[in-house]
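> After the structure tokens below, expect a handful of questions from me.
The values are calculated or read from the model by the stated rules, or taken from the named source; none is laboratory data. Keep in mind that what you see is a predicted model, and the values were worked out from it rather than measured. No Cβ is skipped: glycine too gets one built from the backbone with ideal geometry, and neighbour counts run over all protein chains shown.
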Amino acid sequence: MIKAFCTVAAFVMFAHVPALAADAPSPEALRAWHKRELRVAGIMHKLRLANLASCPKQEMTYGLVVARLDDRSSPAVRTAQAQSLGLRDYPTALGVIPGSVADQSGLREGDWIEAVGGISWPLTDAGPDARKAFWDALYAGIQAPTMEIKAEHEGQTRDFHLTGKAGCTASLFMINRKTVDATTFGSRVQVNSGLEALLQDDAELAFVLAHELAHVILEHTGPGKEAHIKDRAARQRIEIEADSLAVLLMARAGFATTAAAASIPRLRKTNGPISRLLGIYGPYMSTDERVAFLTKRAEEVRTQLAAEAQGR
Ligand SMILES: [Zn+2]
């Protein structure tokens, strides 16, 4: 489940997407979308924290997404975003991932982020440089071991001292697309909303996200690797490697490994009728082979983790 894609964003773990059209989505639809984003982000957050020891690259995680109303959006969209997500013209905690550092600090969605690392959001029209200084401070803070935030919380300004937790380097985006697919390029994982909708069981979704995180950890994709991925034999090998590591990653994050095999027939059903008829599996094993492989792998991982637990 990889193709090729690009760009980075170290701290934005998800981005609220269905907001660019001029027609405003209903506040209910925006809230529902936001809930789905938090679900995906929460699962990835667990995977990144639990698998630190396996990751070649690490970064701080705070589980906080800050956003403000987009100046370029139509008035109708801005109103819908303000009503449904609590976004304002100044930086707001749009997402606080449950169980994250931000969550444990007491920050809540809708809190106004007044300052980061002593750099305040300019309330008067101080020009773009003053705003850039704030965002720079936020990016710097989110990569630092600790972060100082001043935020308006329940009507009162409070100081929040956050100590980040190291996690695997990976950014995650859910995009509004019905096809059941996920894509990884370098450390960026993109999940289509159709995939999230299909896999209602968190452990099954965790397997797919773990598979993508495995591509990140094993550095299968990224600049310069495009030709390699197009090679059929190489692609088949990396898909098996990703499946194999994914089962271990999900287990370490506390998800039931049996869900890996269980997700495959469900994913398979979404392939086009012609692919199904012709038995085309792309770079993956056939459904039966993949289920057998993942079932066996789940057993191996259970044995490995039990042995590790005994050794401690
Ligand atoms: Zn893959």
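> Considering only segment 67-108, state which residues are of a type outside the set (K, R), surrounded by fewer than 21 Cβ atoms within 10 Å (Cβ to Cβ) and not in a helix (DSSP H, G or I).
A67, L69, D70, D71, S73, S74, G86, D89, Y90, P98, G99, G106
> Of the residues that make up segment 225-237, is at least one closer than 19 Å to T295 by Cα, out of contact with any strand residue (DSSP E or B) (no Cβ under 9 Å at 6 or more places or on another chain) and within 15 Å of the ligand (Cβ to nearest atom)?
At the first step, the residues of segment 225-237 found to be closer than 19 Å to T295 by Cα are 236-237.
Still in the list and also out of contact with any strand residue (DSSP E or B) (no Cβ under 9 Å at 6 or more places or on another chain): 236-237.
Filter once more, keeping what is within 15 Å of the ligand (Cβ to nearest atom): 236-237.
Yes, segment 225-237 contains at least one residue that is closer than 19 Å to T295 by Cα, out of contact with any strand residue (DSSP E or B) (no Cβ under 9 Å at 6 or more places or on another chain) and within 15 Å of the ligand (Cβ to nearest atom).
> Please specify each residue of segment 178-194 satisfying the condition of being buried (at least 18 other Cβ atoms within 10 Å of the Cβ) and either without any contact (Cβ under 8 Å) to a residue 40 or more places away in the chain or part of a strand (DSSP E or B) (or both). So that I can check it myself, show each step before the final result.
As a first pass, look at segment 178-194 and keep what is buried (at least 18 other Cβ atoms within 10 Å of the Cβ): 180-193.
Those that are buried (at least 18 other Cβ atoms within 10 Å of the Cβ) and either without any contact (Cβ under 8 Å) to a residue 40 or more places away in the chain or part of a strand (DSSP E or B) (or both): A182, T183, T184, F185, R188, V189, Q190, V191, N192.
> Right, another one. Starting from segment 217-241, keep only residues that are modelled with pLDDT of 85 or more, then list their pairs with residues that are of a type in the set (F, W, Y) whose Cβ atoms are within a distance under 6 Å, requiring at least 6 positions of separation or different chains.
T221/F185; E239/Y284
> Taking segment 255-297, which residues are at pLDDT below 80, more than 28 Å from the chain's Cα centre (by Cα) and not hydroxyl-bearing (S, T, Y)? I'd like the intermediate steps shown before the answer.
Taking segment 255-297 and keeping what is at pLDDT below 80, we get 269-282.
This time we only want the ones that are more than 28 Å from the chain's Cα centre (by Cα), so: 273-280.
Passing the criteria: P273, I274, R276, L277, L278, G279, I280.
> Taking L162, is it buried (at least 17 other Cβ atoms within 10 Å of the Cβ), in contact with a helix residue (DSSP H, G or I) (Cβ under 6 Å, 6 or more places away or on another chain) and farther than 14 Å from L209 by Cα?
When the stated conditions are applied, L162 passes them.
> For segment 208-215, check the following and say yes or no: at least one residue is surrounded by fewer than 19 Cβ atoms within 10 Å (Cβ to Cβ) and either touching a helix residue (DSSP H, G or I) at 6+ places or on another chain (Cβ under 9 Å) or assigned to a helix (DSSP H, G or I) (or both).
From segment 208-215, those surrounded by fewer than 19 Cβ atoms within 10 Å (Cβ to Cβ) are none; that's our starting set.
No - not one qualifying residue is present in segment 208-215.
> Within segment 114-157, can you find the residues that are under 19 Å from L94 (Cβ atoms), of a type in the set (G, A, S) and part of a helix (DSSP H, G or I)?
If the condition is that a residue be under 19 Å from L94 (Cβ atoms), of a type in the set (G, A, S) and part of a helix (DSSP H, G or I), then A137, G141 are the ones that fit.
> Among the residues of segment 186-213, write down those that are within 12 Å of the ligand (Cβ to nearest atom) and more than 12 Å from the chain's Cα centre (by Cα). It would help to see each step written out before you state the result.
Kept after step one, since they are within 12 Å of the ligand (Cβ to nearest atom), are these residues of segment 186-213: 189, 207-213.
Those that are within 12 Å of the ligand (Cβ to nearest atom) and more than 12 Å from the chain's Cα centre (by Cα): F207, H211.
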